[in-house]
Amino acid sequence: MGRLLSYLAVFLMTYSFYVVFSGATSLFTLVLGSVGSLVVAVLVKNLLVSRKLKISDIRRLAYLVLYYAYYMTVAEVRAHVDIAKIVLSRKMKISPAIVKVPYYVETSYGMTLIAGSITNTPGTVVVQVDTNRKHFYVHWLTARVFEPARAREEISAVFENYSQKIFG
Amino acid sequence: MNAREVAIATSITLMIVLLAYVIEAGGLGPIAPEKLRELAASYIISTYNPWNITHSAQSLEAVTAIVWDYRGLDTFFETSVLFISIVGVALLFRGYREKTGVGGRGLSEIVKTSTKILAPLILIAGISIAIHGHLTPGGGFQGGSFIAVLLVLLSVVFSLDFVVERGLSTSRLLTLRSIGLMGVFATSIALLLVGLVTGVSAYVFQNMVREGAPVSMPPWFLDRPTGGTLLFFNVFEALAVATGLSLAFIVLSLRREEVEEALERGEWYE
Amino acid sequence: MDVEALVSLVLTVLIPLYVTSFLLYAVRVVKGPTIPDRVLAIDSLGYDLAAFMVVLSILVRSPLMVVSGLTLALWIYALDIYIAKYLEAREMGG
Amino acid sequence: MIDLVLVVAGLVLIVIGVFYDFIGAIGLLRLPNFYTRLHAATAGAIGGAVVPMIGAALVALGAEYLGPPRFFLAGAAFTSSILLMILAQAGSHALARAAYISGEAQREPILYDALREEGGG
Amino acid sequence: MELVPVAIAALSALLSVVATYLAVRSRDMLSAAVFSAAQSTAYALIYYVLMAPDIVLVYVPVSVGILPAVTVLLIKKTERYER
Amino acid sequence: MLASGLLPLLLMGSAFALPGLSLLIKNQKFYRVYALAVSVVGLAMASAIFLETLERRVTTYWFGGFRPPLGIVYTVDLLGAVLGLLSMFILVLSVAYSGWLIRSRSEYLYYTFMLSLGAGSVGCLYTGDIFNFFVMLEVLSLSAYVLVSFYRDNPKSIEASIRYALVGMVATSLYLLAAFIIYGSYGTLNMADVALKSRNPGAVTAYSGGVFGDITFSSAIAIALSVWTFTFKAAVFPNHFWLPDANPEAPTPVSALFVAVIDLVGAYGVARFLYTIFGSGSVVDALRRDVLLVLHVLGALSAVVGALLLLIQVDIKKFIAYSTISHMGLAFMALTVGTEGGLAAAVVQLISNSLSEALLFYTAGVAIVAAGRSIEYVGVLRRRRLESVAFLIGILNLFGIIPPLLGFWSKVFMFTAFLEAGYLASAVVLVVSTGISGIGYVKLINNLFREAPRTREDSRLEKTLVAKLVIATATTALLVLGASVIAFPRFMLIISEVGRGVADYLTYVRTVLGA
Amino acid sequence: MSDPVSLLLTVLVLSLVTNIGISLYGVFTRPSLVKKFISLTIFSDTLNSFAIALGFRRVARGYPSIAVIPSIPEDVSELRAAAGTAVDPLPQALVLTAIVIGLAVYMFLAGLIVMYYRHYGTTHVRPAEGGSIG
């Protein structure tokens, strides 16, 4: 059951991407696409899913959408305004530093979500990740603090909250 | 700069000056004419033309129609050139043995996970481009190269071992590739065989009904045209290209020692 | 003012700005003292070209051309990965 | 009416995109070293590519004069933007890590380097 | 109307000349590969503006996706600098 | 005609199957038989095409059922049919010979390329489409590059293959540029269509309309680019360097194919482009004559240079390669005289050259296995009666002064053709190059009758039945053809008909375009 | 030549021709095989771009469209209208074929270069014995 569910999850993800991508609602597209998605699901299921999925995992999807909305409207906008100010100012007040930021999520998906969010906001880039000791090394354009705990507050605390809820 | 370089530079300069002169002096007419060449207009008018089906490929996309139907022979042999080159690479490194467990670290965990998520999306995008080849821009080769680059990407981001362990060993890729190529070959002579069996005349690479050849591929699938052979060609070509290119890449990136022990010293003679 | 004229006008005005930023990126490609700099510049150039292609397909009214943008973005990423792999381990595919 | 709203919203997003394209380009030119330029490049990728792609999708949904293929445009543009979100971060990170490990790019100016203190991570 | 896209094509052709020159001149093979990728990107834009999306779809995977991989592989397996 | 359409597809399709089959069948003997069977079927089809063409002068096959300018059409005229038959014949011989010579754990790969090389060559000879010619040329060339590097443990063969591939790629790309230019100005890619429009720029054909721009300019540049490619393929003087590089490093049957097939395609391309497509009466007639003259001079140079360089060779394969260059130069001289007699002489020269060089390679292959590659080692053939006789016949044929042999007739025809056209100097060059190369041939014959300095043991030497059969067949073919020049008047009729057919663009155009 | 579009197209074609020259120079004079390889890819890409430029056209109003019929046509006049604005599809098809063929040759060439390096320990071409180019 759990196995079937994993296949179904991959299939649905692929198929929805496919439907949006081809933007067509003709039967030709839908039928051939379902066959293709089935093939893809069989091929990549082992690559993608490592744990057993449950029906209740749908809740996580809702968080993902919520997170996407938050991320695009709040976090990104704030960071973009900052970088625009820096680049366009005459003297470019930057204080670059590589700081250590701990993280606590367990799965690699959660870790990737946090790291991706950090990198995708201008001003912070993950340079190196230590998966054993659970640290990111983040290059921070306008570093204000260097201690790991406080840097985490500034950089990744919000992302991690969501990540915890989405991927556990 | 020695004399040889000067000579080469001079002759190349001469050549490009001549070429530029021919182009600019109107040897080819205006560079972008207002009037389409007649042949091109014929292609566009007949590529999807149910009113004159004997000259039509029943495909909305003119480029795919030309590639696989009007000039199907070119493309068949283009595929064979690719086949020759890939088998040629296999010949150069013949006798290698894939070793697993040699190691290879791959890139960081973040890149690995991201690529993992990307994998099904790129795969399905490639498949979509391949099966819509006769409706929107794209086609078998385009879709196939999407998938091939994905496999290359996987072998770079993780490691060669990873890809081999997940079942994409070279012999399996070779099998898939042969299936794809034989599919292309079978599609190209399918209607000829049908014609031979039913006793009517038919052409090699025939697609729709032609003058004096009344057999035809199915023109519609559900609510969209299939372009007859084009759909099959696209699917098989995508399979052949994807597996073939990744096969060549995997063979090229074999480690030195894997090939070294396969060298058959003394196979040649002076 | 109808939608068509509005879209065309705004996009036509925007295109010179796009081209200017492409030129600036190209300067960094040529200048970039190190390999990562150059790759980074090509990277940004490619992503912006992808977006530009999408926008251009609206302007020239050929919506079917849009897939090119996706293609470019994807394989520019692949280029990143190859160079990164080379720089990191001085090895590819293993 | 809804068409016009979609189109205008989309155009606004595209304009923002062009602006950030500019920011990215200027930042890439002005900032002193590779690691700082990475941030400008991120701005160019997210603000300059993801945002206008979403904008183009909105415009396409609204612009009826493009005919039926506009849904194709909208869908492809939207999926491209999502893919780009994944691609951009992975690419930047991979480059940054590679540059750091190989020492290809100079690190100065830098105020504090946790990674070096930890011995390369 | 048609002026703007054609101007872009011409501009990217000029850029591609610069990229080609640098690719042929540079002693470091890796940066030659990077410049050739830049040239490919410029060509992709030319193809796009000249209304050939099919070619973009096949050219970009081949020329930005596979050939740099092969070139970098070659450099890795052989040597990086030219005499 | 269906057979012409199916022949390259058959060869290529059976090549497709080989790597897949290798996963099922491990015994390499199977592949020898398989390749031989396929190429024999190919030979049968080529003969059928030849007979059909003999009757109808020009036959066509529409791929996909599309009318000519719209789709690709195979147009076989007598020249293509004769050369196709010849190249398939050599292919069969070489495949059979490989069954004796090649011992490898991956023979199936080798035969894949043999078959694809055959497909490429017949495709080039039969096609009636300018771009399709490029594709087939690329099939041919790539197979050749791969086959040169077959002994990949030999550093020299890798190096030769790289040199050959780099310049070959540039050469075929230039042909591609020529094809683009022709499309740009003529608006069509069909050879017959272009041939019609180059004579009559005002002509408007169905589906492809009229011409664009100034076709004189563009035809000139297209001729220049494509002829450069053909001289490369045919190994004529300034572009001859790849042949002595690549030829010795390839396996011996492949060397035979090189001289007999690839050079053939180069000569064929020149004949097709300068006589049928842009022939006399076309808009570039004046320029065409200049190009013909230049090619004539180049041919003369390569005849003399090849003959001179031949004298200093110590490697038997290089020796034969330079001999090929010299003889291809002669063929080019005959080809570019501009008369029907010259064309006919060129065809005879091509046939004679291909057969006898292939024969020399086959016999030399035995000597190489038995002793080594130096020309002094051919003495080992002394104890092998059939091989030594065949070797002698091959050399005498190349030398071309012994009457009943084909080589003699080809030289006679060439001589008369030169005199008829008033090219006195060319006749002198013919005699001189025969004389110079004659010294080399005499040296070789001398070696044949001397004891070889060394011999080797090789298991292949105990079972030489296949090799003997191949050599006997080639010798018989050479002798029969030489004899039939006198014995069968019809043979000469066919040959002169071939010469006439190349220049007869009207029949060509009429058959293809049906007007 | 007078109107700006023709001028721009001329600039485009001339830059392409320049590229042909530069890359051919690279193929013939650079000592490293990898450099020759890169130059060769640029060379054949340039030829292909040239063909695409050949297939471009201008229309009386607006911009030409791609060679795809956007939706299933109702009658023949729609096809004629498409032919009135579409660019030439044939060079695109030819270039598609040419690109794939080029890729095939490069793949094999790459394999050869790797083998060359294994034999000689360098990727620089050795001075030719017979004075040949390449």
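The values are calculated or read from the model by the stated rules, or taken from the named source; none is laboratory data. Keep in mind it's a predicted model, so treat the numbers as computed, not measured. Don't worry about glycine lacking a Cβ; one is built from the backbone with ideal geometry, like all the others, and counts go over all protein chains shown.
How do the pairs read when you match residues in the stretch F:240-263 that are within 12 Å of chain G (Cβ to nearest Cβ) and in contact (Cβ under 8 Å) with a residue 24 or more places away in the chain with residues anywhere that are surrounded by 24 or more Cβ atoms within 10 Å (Cβ to Cβ) and not in a helix (DSSP H, G or I), using Cβ under 6 Å and keeping only pairs 6 or more apart or on different chains?
Cβ pairs passing all conditions: F:LEU243/F:ALA235.
Yes/no matrix, rows are residues, columns are (1) of a type in the set (Gly, Ala, Ser); (2) out of contact with any Lys or Arg (no Cβ under 9 Å at 6 or more places or on another chain); (3) facing chain F (nearest Cβ under 9 Å):
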site: G:ILE42; (1), (2), (3): no, yes, no
site: G:ARG58; (1), (2), (3): no, yes, no
site: G:GLU74; (1), (2), (3): no, yes, no
site: G:SER77; (1), (2), (3): yes, yes, no
site: G:GLY84; (1), (2), (3): yes, yes, no
site: G:VAL105; (1), (2), (3): no, yes, yes
site: G:ALA110; (1), (2), (3): yes, yes, no
site: G:MET115; (1), (2), (3): no, no, yes
site: G:TYR120; (1), (2), (3): no, no, yes
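Kindly list the number of the only condition in (1) more than 7 Å from chain E (Cβ to nearest Cβ); (2) assigned to a loop (DSSP other than H, G, I, E, B); (3) surrounded by fewer than 20 Cβ atoms within 10 Å (Cβ to Cβ) that fails for G:PRO70.
(3)
Which of the residues spanning the stretch B:104-124 are in contact with a Ser or Thr (Cβ under 8 Å, 6 or more places away or on another chain) and closer than 13 Å to E:PRO61 by Cβ?
Once the filter is applied, which keeps residues that are in contact with a Ser or Thr (Cβ under 8 Å, 6 or more places away or on another chain) and closer than 13 Å to E:PRO61 by Cβ, the stretch B:104-124 yields nothing.
Which of the residues belonging to the stretch G:1-59 are farther than 23 Å from G:ALA104 by Cα, in contact (Cβ under 8 Å) with a residue 40 or more places away in the chain and in a helix (DSSP H, G or I)?
G:VAL5, G:LEU9, G:LEU12, G:VAL13, G:ALA53
Please work out which one of (1) within 24 Å of the chain's Cα centre (by Cα); (2) assigned to a loop (DSSP other than H, G, I, E, B) is the condition F:LEU142 fails and give its number.
The one condition F:LEU142 does not meet is (2).
Among the residues of the stretch D:24-41, how many are without any contact (Cβ under 8 Å) to a residue 60 or more places away in the chain and facing chain C (nearest Cβ under 9 Å)?
9
When only residues in the stretch D:61-114 that are more than 7 Å from every other protein chain (Cβ to nearest Cβ) and buried (at least 21 other Cβ atoms within 10 Å of the Cβ) count, which is farthest from the chain's Cα centre (by Cα)?
D:LEU61
Go through (1) modelled with pLDDT of 85 or more; (2) surrounded by fewer than 19 Cβ atoms within 10 Å (Cβ to Cβ) and name the single condition B:GLU61 misses.
(2)
What number of residues within the stretch F:72-83 satisfy the criterion of being free of Cβ contacts under 8 Å to residues at least 60 places away in the same chain and either under 12 Å from the mean Cα position of the chain (by Cα) or surrounded by fewer than 24 Cβ atoms within 10 Å (Cβ to Cβ) (or both)?
Total meeting the criteria: 0.
Among the numbered criteria (1) more than 29 Å from the chain's Cα centre (by Cα); (2) under 19 Å from B:TYR203 (Cβ atoms), which single criterion is violated by B:TRP51?
Unmet for B:TRP51, out of (1) more than 29 Å from the chain's Cα centre (by Cα); (2) under 19 Å from B:TYR203 (Cβ atoms): (2).
Just to be sure before I move on: is B:GLY183 surrounded by 24 or more Cβ atoms within 10 Å (Cβ to Cβ) and touching a helix residue (DSSP H, G or I) at 6+ places or on another chain (Cβ under 6 Å) in the structure I sent?
Taking the combined requirement at face value, the residue does not satisfy it.
Before we move on, is F:THR231 among the hydroxyl-bearing types (Ser, Thr, Tyr), part of a helix (DSSP H, G or I), under 17 Å from the mean Cα position of the chain (by Cα) and on the phi < 0 side of the Ramachandran plot?
Here the answer is yes, as F:THR231 does meet what is asked.
For the list (1) out of contact with any Leu (no Cβ under 9 Å at 6 or more places or on another chain); (2) in a helix (DSSP H, G or I), I need the number of the one condition that A:VAL101 fails.
(2)
Give the residues of the stretch A:21-36 that are more than 14 Å from chain D (Cβ to nearest Cβ) and within 28 Å of the chain's Cα centre (by Cα), sorted by residue number.
Within the stretch A:21-36, A:SER34, A:GLY36 qualify.
Got a number for residues in the stretch A:59-89 being in contact (Cβ under 8 Å) with a residue 12 or more places away in the chain, more than 21 Å from A:PHE167 (Cα to Cα) and under 17 Å from the mean Cα position of the chain (by Cα)?
Number satisfying all stated conditions: 2.
All but one of (1) free of Cβ contacts under 8 Å to residues at least 12 places away in the same chain; (2) surrounded by 24 or more Cβ atoms within 10 Å (Cβ to Cβ); (3) of a type outside the set (Gly, Ala, Ser); (4) at the interface with chain B (Cβ under 8 Å from one of its Cβ atoms) hold for F:ASP153; state the number of the condition that does not hold.
For F:ASP153, the failing item is (2).
Which condition does B:ILE23 not pass, out of (1) surrounded by fewer than 24 Cβ atoms within 10 Å (Cβ to Cβ); (2) part of a helix (DSSP H, G or I); (3) at pLDDT below 85, if it passes all the others?
(1)
Whether any residue in the stretch B:103-117 is small (Gly, Ala, Ser), farther than 30 Å from F:GLY187 by Cα and more than 7 Å from every other protein chain (Cβ to nearest Cβ) is what I want to check.
For the stretch B:103-117, residues small (Gly, Ala, Ser), farther than 30 Å from F:GLY187 by Cα and more than 7 Å from every other protein chain (Cβ to nearest Cβ): present.
Would you check if there is a residue in the stretch F:211-220 being β-branched (Val, Ile, Thr), part of a loop (DSSP other than H, G, I, E, B) and crowded, with 22+ Cβ neighbours inside 10 Å?
Within the stretch F:211-220, one or more residues are β-branched (Val, Ile, Thr), part of a loop (DSSP other than H, G, I, E, B) and crowded, with 22+ Cβ neighbours inside 10 Å.
Can you confirm whether A:TYR162 is assigned to a helix (DSSP H, G or I), more than 12 Å from the chain's Cα centre (by Cα) and touching a residue at least 60 places away in the same chain (Cβ under 8 Å)?
Considered against the rule, which asks whether it is assigned to a helix (DSSP H, G or I), more than 12 Å from the chain's Cα centre (by Cα) and touching a residue at least 60 places away in the same chain (Cβ under 8 Å), A:TYR162 comes out as no.
Anything in the stretch B:46-58 that is surrounded by fewer than 22 Cβ atoms within 10 Å (Cβ to Cβ), out of contact with any Pro (no Cβ under 9 Å at 6 or more places or on another chain) and without any contact (Cβ under 8 Å) to a residue 24 or more places away in the chain? List them, or say none.
Once the filter is applied, which keeps residues that are surrounded by fewer than 22 Cβ atoms within 10 Å (Cβ to Cβ), out of contact with any Pro (no Cβ under 9 Å at 6 or more places or on another chain) and without any contact (Cβ under 8 Å) to a residue 24 or more places away in the chain, the stretch B:46-58 yields B:TRP51, B:ASN52, B:HIS55.
Tell me the residue from F:THR188, F:THR172 that is β-branched (Val, Ile, Thr), assigned to a helix (DSSP H, G or I) and surrounded by 22 or more Cβ atoms within 10 Å (Cβ to Cβ), please.
F:THR172
When the residues of the stretch C:1-47 are filtered to those that are of a type in the set (Asp, Glu) and in a helix (DSSP H, G or I), which remaining residue is nearest to D:VAL12 (Cα to Cα)?
The qualifying residue nearest to D:VAL12 (Cα to Cα) is C:GLU4.
Those residues that are over 14 Å from A:ILE166 (Cα atoms) and surrounded by 16 or more Cβ atoms within 10 Å (Cβ to Cβ), I need them from the stretch A:31-58; list them, please.
Listed by number, the residues that qualify are A:LEU32, A:GLY33, A:GLY36, A:SER37, A:VAL40, A:ALA41, A:LEU43, A:VAL44, A:LYS45, A:LEU47, A:LEU48, A:VAL49.
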